[in-house]
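Here the structure is laid out as C-alpha cells; the discussion comes afterwards.
The values are calculated or read from the model by the stated rules, or taken from the named source; none is laboratory data. Remember, predicted model here, so these are calculated numbers, not experimental data. Cβ coordinates were reconstructed from backbone atoms using ideal geometry, including for glycine residues, and neighbour counts include every protein chain displayed. These accessible areas exclude ligands, DNA and RNA; they are computed on the full protein's heavy atoms, side chains included. Shrake-Rupley method; radii C 1.70, N 1.55, O 1.52, S 1.80 Å.
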Amino acid sequence: MSSDSPSQSAQKHANPSALELGPCKKLYDPLVHHGHHFGCAICSFCSVHTLHTNGIESMAEELDLGSLSATYICNFFGMAINLWHELKVFCELLRMVPGLEAHLMTSEDEAVHIADLIQKGINGARANDTKGMKSAIVDWITPKGQLLNPHIPRNAKAGRGFNHERTSALLCPAGLDWNNVEYLMNGQIQVVGDQWPIFLYLDYAYDPEDPWNGLLQSSLLAFKHVFTSPSSMEQEPKATRSGNVRLHGMQSITKASITYVAMQVHFALTSTQVFSCTDLITDSKHFYNSITELLDETDEKDEVDQLLMWWNRQIFNLYMDSECMPMKDSALAWIRQKHKEIKERTTSISVGT
C-alpha cells in the first residue's frame, strides 16, 4: 500500500484541473480545501480526530451504516446515541475526499496528519466567513435608502446585539413581542441557543399556529455570500456560479449548509467580538446543533424536504437553466437546430424507403 497521503497522491496523479481554485493564486493543500467545504456543508462543529477514530473502528467491524439502525450501532459500541450521527458524517467525509479510506488505514500517524489538515480547513472556513459577514451584515439590515440610528460600524460589534434597536429586534426570540420585552435589552435574561430568533423567518413573521411556516427562509440567510461569493449578493443569479458551489460540484442544498449560514448570520448580529464554540452568550454551538437536530428528525421529514426544495429552487434552478439552455438565436442553438433537422430528414427518408 502506498505511503503517500491523499494530498500527495492528488498532487502526483490527479488531473490538475480537479484542484483548480479559480482566480485565487495561492495554492492550498487539497485536504484543507476539502475541510473548508466539509465544515460549511456537512458539519461545522466536530472533531475530525474523533470522526476518524470512530469511523476506522466501524470500518474494521465492517458495519453498513445504510442498513443498520442507530440503536444497533450504539448497542454494538456501547456508546451514546450520537455515535450513529457521527458515523454518518464520517461517511460523508469519505465520499468527499477521494482515497481517504485507504490512507486512514495506512498508519496512525498518517491518520492524525490527515485529520489535522481537514480540521484546519473547517476552522479556517468558519473564521473567514465570520470575518466577511461581520461587515456585510450591516448593509443587509439597513433599510434601503435609510441610515441606521445609531450608526453601526462595519468593523466593530460593540453596538450590536441587544445594544441596538435594529439588531435586537432581529435577535428577539420568535413568539415574543419585542416592544414588550425590554428586559432583553437590559440584559436581565440570557437567550439560549434553542430560542430561535425572528430573523430566521420569512419576512420576520412567526406564526405560533404553524411554527414551520417561513422557518429558515429569511432573506438574511445569505447562502450565496458563503457558497458562491460575497459579491454575488448584489449580482444577477446568472453570474453567481463560483466558489464552493462550483469547486466542489455542489448540486443541491444540504441541511447543514442552511444551518451553517444561519449560525454565521446569528453571530454577526450579536455584540460578541470573538467566535468561540464554548461562548455561552451567543451560544452558537447550541444554536447550530438545535437546528441540526430538528432538520434530522424523522417526524419532520416532509417539512424538511419542502424546505430543501424551496432552497434548491432559489439557488440551483437558475444555475441549471442558465448553464444548460443555450441562448435563443445563439450559434450553439442554431447548430443544434440544424442537427435536429438533418436527423429528422434522414429518419423520414429511411421510413419512406
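Confirm whether F45 is modelled with pLDDT of 70 or more, assigned to a helix (DSSP H, G or I), among the aromatic types (F, W, Y) and out of contact with any Asp or Glu (no Cβ under 8 Å at 6 or more places or on another chain). No: the conditions fail for F45.
If I137 satisfies all but one of (1) of a type in the set (V, I, T); (2) buried (at least 16 other Cβ atoms within 10 Å of the Cβ); (3) farther than 24 Å from K255 by Cβ, what's the number of the condition it fails? Just one mismatch for I137, condition (3).
Test S330 against the stated conditions and say whether it is surrounded by 18 or more Cβ atoms within 10 Å (Cβ to Cβ) and either modelled with pLDDT of 95 or more or more than 20 Å from the chain's Cα centre (by Cα) (or both). Lay out the reasoning, then the answer.
On the way: surrounded by 18 or more Cβ atoms within 10 Å (Cβ to Cβ): no; either modelled with pLDDT of 95 or more or more than 20 Å from the chain's Cα centre (by Cα) (or both): yes.
Here the answer is no, as S330 does not meet what is asked.
Restricting the first member to the range 165-179 and to residues that are within 21 Å of D210 (Cβ to Cβ) and outside the structural domain of L148 (by the TED database), and the second to residues that are of a type in the set (S, T, Y) and surrounded by 21 or more Cβ atoms within 10 Å (Cβ to Cβ), no beta-carbon pair is closer than 6 Å while six or more apart or on different chains.
Of all residues in the range 82-110, which are in contact with a Leu (Cβ under 9 Å, 6 or more places away or on another chain) and open to solvent by less than 10 Å² (accessible area, probe 1.4 Å)?
L87, F90, L93, V97, L100, L104
Only residues that are modelled with pLDDT under 80 and open to solvent by 10 Å² or more (accessible area, probe 1.4 Å) were counted across the range 229-278, and they come to 18.
If we scan the range 311-322, do we find a residue that is modelled with pLDDT of 90 or more, in a helix (DSSP H, G or I) and surrounded by 14 or more Cβ atoms within 10 Å (Cβ to Cβ)? Taking every residue of the range 311-322 in turn, at least one turns out to be modelled with pLDDT of 90 or more, in a helix (DSSP H, G or I) and surrounded by 14 or more Cβ atoms within 10 Å (Cβ to Cβ). Just one of (1) touching a residue at least 60 places away in the same chain (Cβ under 8 Å); (2) in a helix (DSSP H, G or I) fails for N128. It is (1).
Using the structure shown, decide if H286 is in a helix (DSSP H, G or I) and at pLDDT below 90. Write out each step before concluding.
On the way: in a helix (DSSP H, G or I): yes; at pLDDT below 90: no.
No; evaluated as a whole, the condition is false for this residue.
Looking only at the range 133-145, decide whether some residue is touching a residue at least 40 places away in the same chain (Cβ under 8 Å) and not hydrophobic (A, V, I, L, M, F, W, C).
Keep residues of the range 133-145 that are touching a residue at least 40 places away in the same chain (Cβ under 8 Å), which gives 133-134, 136-137, 140-141.
Restricting the remaining residues to those that are not hydrophobic (A, V, I, L, M, F, W, C) gives 134.
Yes - at least one qualifying residue is present in the range 133-145.
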